[in-house]
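The values are calculated or read from the model by the stated rules, or taken from the named source; none is laboratory data. Everything numeric here is computed off the predicted structure, so don't read it as measured data. Counting neighbours? That spans all protein chains shown, and the Cβs are built from the backbone with ideal geometry, glycine included. The accessibility values were calculated without ligands, DNA or RNA, using every heavy atom of the protein model including side chains. Shrake-Rupley method; radii C 1.70, N 1.55, O 1.52, S 1.80 Å.
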Amino acid sequence: PCKPGLLYALHRKTRVTAMRSFIGLDLSLQEKLALSGWRERALPAVALRKTSAIVAPGQKAPPAAVPPENYHLTLAFLGDINQRQHEALLHALDDITAEPFSVTLNTTGVWDGPKILYAGPDEPCPPLMQLAKCVRKAAREAGIPLENREYKPHVTVVRKAGSDQPPPLLSPDIKLQFRDFHFFESVSTPSGVRYPVRHSWSLEPDISVRERLRRGLV
């Protein structure tokens with residue numbers, strides 16, 4: 001499954017000295033709105049506030065809803081990478097192929113470490129897990145050290161969520177469709193962190209050229 005594939009890149013020749021980044025999957029506008037609508041119904045007590053808001057010393061920061069535009073599903077968190085790692089990673093990711101797939105967010109959980117509440121699939125999705133495996137392998141080949149822990153796909157919907165966070169009033173049931181994966185940069189702005197897409201790779205069906213033409217894929 002990790003074979004030469006089709007790359008379409010944005011700002012491929014951009015020079016960087018260091019950037020905080022990750023590889024992941026973006027949600028469509030409709031999917032982001034659906035997930036945000038579920039959060040508002042299931043977690044009405046979580047007030048939307050800027051994550052950059054100042055909290056007094058000794059005061060516990062209240063739970064903060066993640067802005068819908070920041071919803072994403074991480075495949076591999078890279079941390080700060082340099083120019084050499086960046087270029088090597090792009091070449092390694094060029095060699096990945098995978099078919100389009102869907103994921104249904106139908107369960108939630110809270111992680112005490114990063115203090116997040118997330119929505120995710122209740123069972124592993126084989127195409128997603130395989131893509132994450134290939135992406136993580138490409139990152140290591142590019143000399144980027146990754147945390148050696150089990151991959152658990154999720155979309156963070158609330159930050160600053162501790163173990164005392166009340167559970168959602170209802171479970172999500174949101175189907176996500178993915179046809180590409182991306183290299184995101186994590187950028188801090190006065191209004192909060194943003195995740196602009198810097199490079200993108202398409203997920204291509206494993207079908208014949210004739211069938212691709214019939215479907216208008218080429």
Query - Interchain or long-range residues, amide H under 5 Å from Leu75's placed H - result: Ile23, Gly24, Leu25
Requested in this report: Return the sequence-ordered ³J(HN,Hα) values of the range 146-163 in whole Hz as given by the Karplus equation 6.51 cos²θ - 1.76 cosθ + 1.60 applied to θ = phi - 60°, using x for Gly and Pro.
Outcome: 10, 5, 8, 9, 4, 7, 10, x, 6, 10, 6, 10, 9, 9, 6, 9, x, 5
Report summary line: Restricted to pairs 8 or more residues apart or on different chains, the lysines in the range 94-215 with C-alpha atoms under 21 Å apart form a number of pairs equal to 6
Query raised in the report: Just from the alpha-carbon atoms, what are the Rg and Dmax of the range 91-151 in angstroms?
Result: 13.9, 36
**Report entry** Accessible solvent surface per residue of the range 61-199, calculated while the other protein chains remain in place, 1.4 angstrom probe, Å²
**Finding:** 48
Requested in this report: Using θ = phi - 60° and the Karplus relation 6.51 cos²θ - 1.76 cosθ + 1.60, list the HN-Hα couplings for the range 67-82 in order, rounded to whole Hz, with x at every Gly or Pro.
Outcome: x, x, 5, 9, 4, 7, 10, 6, 9, 7, 8, 9, x, 7, 10, 9
Query raised in the report: If amide H atoms are built 1.01 Å from N in the plane of the peptide, which residues on other chains or at least 5 residues away come under 5 Å of the amide H of Val193?
Result: none
Report task. For Val158, enumerate residues with amide H under 5 Å from its amide H, sequence gap 5+ or separate chain, H modeled in the peptide plane. Result -> Val66, Leu117
Report summary line: What the Cα atoms of the range 63-218 span along the principal axes, largest first and in whole Å, is 54, 37, 31
Query - Carbon + sulfur, % of accessible area of the range 50-206 - ligands and nucleic acids excluded, 1.4 Å - result: 51
Query raised in the report: In the range 55-137, what is the volume of the convex hull around the alpha carbon atoms, normalised per residue and reported in Å³?
Result: 162
Requested in this report: Would you check the accessible area of Ile96, probe 1.4 Å, heavy atoms only, in square angstrom rounded to 10?
Outcome: 10
Requested in this report: Using θ = phi - 60° and the Karplus relation 6.51 cos²θ - 1.76 cosθ + 1.60, list the HN-Hα couplings for the range 116-129 in order, rounded to whole Hz, with x at every Gly or Pro.
Outcome: 10, 10, 10, 10, x, x, 7, 10, x, 9, x, x, 5, 5
**Report entry** Packing-based ranking, highest mean first, of 115-121, 164-170 given that Cβ atoms within 10 Å are counted
**Finding:** 115-121, 164-170
Query raised in the report: For Arg20, what charge total do you get from the other residues with a beta carbon under 12 Å from its beta carbon, if Lys and Arg give +1 and Asp and Glu give -1?
Result: 0
**Report entry** For peptides 144-156, 176-188, sequence by mean Cβ density within 10 Å, most packed first
**Finding:** 176-188, 144-156
